[in-house]
Amino acid sequence: MGLSARNITVHLGAAQALCDISMSLNPGEVTAICGPNGAGKSTLLSVLAGLIAPDAGEVRLDGLILNTMAHEARAKLIGFLPQNGEIAWDVSVHNLTALGRLPHRDRDETAIAKALAKVEMSNFAQRPISTLSGGEKARALLARVLAGEPRWLLTDEPLAALDLAHRDSVIGQLRDEAAAGTGVAIVVHDLAQAMNHADKVVVLDQGKIAAQGTPQTALTPQIIANVWGVKARWIGEAGAQALITRS
Amino acid sequence: MRLSATLVAALAVAVPLSLLAGRVWIDPASTPNAALILAELRLPRALLAVTLGMGLGAAGAAMQGYLRNPLADPGLFGIAPSAALGAVIALWFGIATAWVLPVLALLGAGGAMALLALIAGRTGGIALFTLAGMMIASLAGALTSLALSLAPNAFALSAIYTWLLGALTDRGWPDLALAAPLTVIGIATLFSAGRALDAMSLGEVAARSLGVNPNRLKWLLIIGTGLTVGSGVAVAGIIGFVGLIVPHLVRPLTDRRPSALIVPSALAGGLLLLIADVVCRILPLVTELRLGIALSLIGAPFFLYLLIKMRGGLRWA
């Protein structure tokens, strides 16, 4: 049972965004999706979330074809955190988090409180979002997804607006979710985050899979050179590696 | 809930008081034919003002929620000008009886709704939806201007022009009987879109990920706005700005979720239109000030004020 894409091809307008992609997410695993700008990472995440229907191939969730599922049934299972989270109205953090309960048609206060506690935002619950810093807002948006208690958690660059401490905290949170059985996908630019915290890495290049597997096999200096065009080497010990680049 | 209860209480006080106000102030104890004037003229007019205001207030709140823009107005959908075009056709051909005019206006609103659905209903995003609405509004406006310029006689010209200004003058129970059921259905339709509008606060993509069916939401808005705005134009002409002003005034009193704004906006819209109509009635002018003009005189400066406020004040460069 998993969330798997098979031979996915997607066109956005005339351009081919994804070409013959096959990959799967597994419960209890963190999968990092990496690649240069424009490689198709966000498109792949949207396809896995059922928000973009592939032109060819299929995405299956627990054996069911994702795009044939009812909208709410899908939304209960898959939590999706888009890039550049934006909120139109100056609602409170609590009301923002409660939006995560929409697919369940309830306002389960326990789930909302739990989600806020997970991202260390309980004390901010009544604050209007306009008063939050970028990092606090990013955590509140993550709480919104966690409040839905999804079995699959797809996040598009959730670390982008975070400082070092909160980045660690959010990564830790995503790892905890995986440890509790959730299948987590995370689009990341920082390859060291992928190397140190992911169980599996999918490297995209120009809409195609350039490599996938464990971080050690998918993020070798050779693959990084081929895909990013950058000479690089890893230093440090397993779980705490850093990428040194040389132009 | 407390806000809605307060607004209901305000309406409960304002409606009876409004019945007494007018060019002739009525003292139920001494004014001759007071009961007749109240029952046949002022009560239906007051209830119509509340009904239309409620529809416009709810439509404005829903539109602003959907477009995620505090400057959105139900007029953007092009439904009001299209309904007006239907009424203008009735007046142009001299067939504007008590029922033909509103029915043609409703057909105009229905035509705009159908066109909007056809152009942007299935796969179009918010931008396409808004542009389609604006173009429908432009087209209906151009056809209305054409009708004015080719009016068959001075009487028709005057009738069209006066009607377009929007008013509740001489409106009665039949108008209320036409508008009220449609407005109630329209408000209920918009209210049912509340949860989806809340999700839209996060943007269209996140809303879809939360299970919102964008096509269903679009249909609910087209139907809800069409019924509320269309029925309003059908009986009273174009009354603008209520849908823009009211959600603005009410939003800071709510928790700012679009779903929490629809009912209070409806109630406050009813209250605003009732008060505006009373002001039109009691102003000592040679002829009664048209309600549409009065609200534009209030609404347009208010809109400019909002723009200036959002821009952070007036600046030359």
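Some points to look at:
- Top-ranked residue in segment A:17-63 [being within 14 Å of another protein chain (Cβ to nearest Cβ) and of a type in the set (S, T, N, Q); ranked as nearest to A:Ile186 (Cα to Cα)]: A:Ser42
Here is a yes/no grid of residues against (1) more than 16 Å from the chain's Cα centre (by Cα); (2) among the acidic types (Asp, Glu); (3) assigned to a helix (DSSP H, G or I):
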| position | (1), (2), (3) |
| --- | --- |
| B:Leu128 | yes, no, yes |
| B:Leu131 | yes, no, yes |
| B:Met134 | yes, no, yes |
| B:Ala140 | yes, no, yes |
| B:Leu146 | yes, no, yes |
| B:Gly166 | no, no, no |
| B:Ile187 | no, no, yes |
| B:Arg195 | yes, no, yes |
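- Where helices (runs of 4 or more DSSP H) fall wholly inside segment B:1-89, the ranges with 2 or more residues that are touching a residue at least 24 places away in the same chain (Cβ under 8 Å), open to solvent by 10 Å² or more (accessible area, probe 1.4 Å) and small (Gly, Ala, Ser) are B:2-20.
- Any hit, segment A:206-222, residues being touching a residue at least 24 places away in the same chain (Cβ under 8 Å), away from chain B (no Cβ under 14 Å) and closer than 24 Å to A:Leu77 by Cβ: yes
- Among the conditions (1) buried (at least 16 other Cβ atoms within 10 Å of the Cβ); (2) within 13 Å of another protein chain (Cβ to nearest Cβ), A:Ile112 misses just one, which is (2).
- Top-ranked residue of segment A:161-198 - restricted to ones that are under 14 Å from the mean Cα position of the chain (by Cα), in contact (Cβ under 8 Å) with a residue 60 or more places away in the chain and more than 14 Å from A:Cys34 (Cβ to Cβ), ranked as surrounded by the fewest Cβ atoms within 10 Å (Cβ to Cβ): A:Arg175
- When the test is whether a residue is open to solvent by 40 Å² or more (accessible area, probe 1.4 Å) and facing chain B (nearest Cβ under 10 Å), A:Lys76 passes it.
- Residues of segment A:5-28 satisfying the condition of being farther than 16 Å from A:Asp199 by Cα, in contact with a strand residue (DSSP E or B) (Cβ under 7 Å, 6 or more places away or on another chain) and of a type in the set (Gly, Ala, Ser): A:Ala5, A:Ala17, A:Ser22
- Residues of segment A:79-89 that turn out to be within 7 Å of chain B (Cβ to nearest Cβ) and open to solvent by 50 Å² or more (accessible area, probe 1.4 Å), as a count: 1
- Here is the figure for segment A:64-82: residues that are touching a helix residue (DSSP H, G or I) at 6+ places or on another chain (Cβ under 6 Å) and part of a loop (DSSP other than H, G, I, E, B) total 1.
- Failed item in (1) aliphatic (A, V, I, L, M); (2) over 30 Å from B:Ala96 (Cα atoms); (3) away from every other protein chain (no Cβ under 14 Å); (4) surrounded by fewer than 20 Cβ atoms within 10 Å (Cβ to Cβ), with B:Leu253 passing the rest: (3)
- Top-ranked residue in segment B:188-206 [being open to solvent by less than 30 Å² (accessible area, probe 1.4 Å) and farther than 14 Å from A:Leu99 by Cβ; ranked as nearest to the other protein chains (Cβ to nearest Cβ)]: B:Ala193
- Here A:Gln241 fits the description: over 22 Å from A:Leu44 (Cβ atoms) and open to solvent by less than 40 Å² (accessible area, probe 1.4 Å).
- Cβ-Cβ contacts under 7 Å between residues 6 or more apart (or on different chains), taken from a first residue in segment B:128-150 that is closer than 18 Å to B:Asp73 by Cβ to a second residue that is surrounded by fewer than 17 Cβ atoms within 10 Å (Cβ to Cβ), are listed as B:Ala132/B:Ile119.
The values are calculated or read from the model by the stated rules, or taken from the named source; none is laboratory data. Predicted model only: the values in this text are computed from it and were never measured. Note: ideal-geometry Cβ built from the backbone for every residue, glycine included; neighbour counts use all protein chains shown. To get the accessible areas, we keep the full protein, side chains included, count just its heavy atoms, and leave off ligands, DNA and RNA. Shrake-Rupley method; radii C 1.70, N 1.55, O 1.52, S 1.80 Å.
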